[in-house]
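Report on one structure; see the data block that follows.
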Amino acid sequence: MNTSNKVPVALTTHELRVLLSKAKEHDHRAFVLFLVTASHGLRVSEVINLKRRNFTEAASGSYLTIQRLKGSLKTSQRLLPNADPLFDEQTVVAEYIRNLKTDDYLFTNEKGKKLTRWGVTYLMQQYCRWAGIPEHKCHVHVLKHTCGVLLRQTGAKLEVIQQALGHKRLDSTAQYLRVTPEEADEARTAAFASAAAQASNAAAAAMRL
């Protein structure tokens with residue numbers, strides 16, 4: 001199957017904010033998990049295997065280094081600082097991993113065992129429902145797509161998105177060139193609002209003649 005023909009299902013910036021807010025309010029672990037997954041475009045199998053040793057400090061900042069799965073690249077990416085505490089990955093992660101040992105998993109269940117992909121799926125579905133996010137977006141891979149779509153929306157080149165998501169092949173990244181339904185709706189709304197304004201201005205000008 002050629003995945004480049006599929007429009008990626010991604011959260012809007014508003015949906016991402018509400019999801020993170022709900023998780024932060026009820027489960028700090030889930031909040032950090034969603035933030036890191038979205039910030040680096042991780043697969044669920046990659047995020048559940050994260051350990052303290054994946055994070056390092058350098059003069060230029062804090063970094064997450066990870067070997068991507070499914071034949072993808074190994075990436076080393078800076079943790080993102082942000083003036084908004086909800087998106088300040090650098091500070092959030094630094095506090096979260098402060099007392100972890102080198103081989104400790106970041107995300108564990110109530111028994112202290114590594115969180116499973118099914119556990120992550122449950123958390124994502126639960127918090128998406130609480131955030132009022134449409135059901136078709138209530139799976140964790142949407143967070144990976146959200147990273148790619150946000151990069152494209154802010155003008156990132158395809159090669160930049162490829163590196164950010166750890167894709168080995170550029171055609172795996174090509175799907176992010178396709179617009180989401182939300183973007184199409186926003187474009188149509190803007191187009192018809194502009195047309196209506198032009199018609200109104202023309203009518204007002206005709207009345208003044």
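Tabulated data for the structure shown
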read-out: On Cα atoms only, tilt of 141-153 relative to the major axis of the chain in degrees; value: 50 degrees
read-out: Using alpha-carbon coordinates, inclination of helix 28-40 to the longest axis of the chain, degrees; value: 70 degrees
read-out: Most positive-pole-ward Cα, Thr65, Leu16, Thr37, against dipole of the range 1-111 from beta carbon charges; value: Thr65
read-out: Fraction of accessible area attributable to carbon and sulfur, the chain (%, probe 1.4 Å); value: 54 percent
read-out: Dipole of the range 82-149, positive direction: furthest Cα of Pro85, Tyr96, Phe107, with charges on the beta-carbon; value: Phe107
read-out: Folded to 0 to 90 degrees: helix 13-26 orientation relative to the chain principal axis, Cα; value: 40 degrees
read-out: Under 12 Å, Cβ to Cβ, from Gly119 - net charge with Lys/Arg +1 and Asp/Glu -1; value: +3
read-out: Option label - volume of the Cα convex hull per residue in Å³ computed here, alternatives (i) 172; (ii) 107; (iii) 143; value: (i)
read-out: Positive minus negative residues near Leu19 (Lys, Arg vs Asp, Glu; Cβ under 13 Å); value: +2
read-out: Hits among lysines - C-alpha to C-alpha of Lys101 under 30 Å, sequence gap 8 or more where chains match; value: Lys22, Lys24, Lys51, Lys70, Lys74, Lys111, Lys113, Lys114, Lys144
read-out: Rounded FRET efficiency, nearest 0.05, which uses the C-beta distance separating Tyr105 from Leu177 and R0 of 41 Å; value: 0.70
read-out: Förster radius 25 Å - calculated FRET efficiency between His26 and Thr116, Cβ distance, rounded to 0.05; value: 0.80
read-out: CD proxy at 222 nm, helix term only [per DSSP H run n ≥ 4: -39500 (n - 2.57); per residue of the chain; nearest 500]; value: -16000 deg cm²/dmol
read-out: Proximal charge balance of His40 [Cβ under 14 Å; K/R count +1, D/E count -1]; value: +3
read-out: Residues of the range 130-208: accessible area per residue with a 1.4 Å probe, Å²; value: 60 Å²
read-out: Cα→Cβ-extended label distance, 7 Å offset, between Ala199 and Arg129, nm; value: 4.3 nm
read-out: Stretch gain in nm, segment Thr13-Lys168, where the contour uses 0.36 nm per residue and the Cα spacing is subtracted; value: 53.1 nm
read-out: Trypsin sites (Lys or Arg not before Pro) within the range 1-67, DSSP loop, no more than 15 other Cβ atoms inside 10 Å; value: Lys6
read-out: For the range 196-208, Karplus couplings with θ = phi - 60° (6.51, -1.76, 1.60), whole Hz, Gly/Pro x; value: 5, 5, 5, 5, 5, 5, 5, 5, 5, 5, 5, 5, 7
read-out: Surface accessible to a 1.4 Å probe, Cys138 within the full protein complex, Å²; value: 10 Å²
read-out: Whether the range 109-201 is rounded, prolate or oblate, judged on the alpha carbon gyration tensor where a/c under 1.5 counts as rounded; value: oblate
read-out: Peptides ranked, highest mean first, by Cβ atoms within 10 Å: ranges 120-128, 173-181; value: 120-128, 173-181
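The values are calculated or read from the model by the stated rules, or taken from the named source; none is laboratory data. The structure displayed is predicted, hence computed values, not measured ones. FYI the Cβ positions are ideal-geometry reconstructions off the backbone, even for glycines, and counts take in every protein chain you see. With ligands, DNA and RNA removed, areas are computed over all heavy atoms of the protein, side chains included. Shrake-Rupley method; radii C 1.70, N 1.55, O 1.52, S 1.80 Å.
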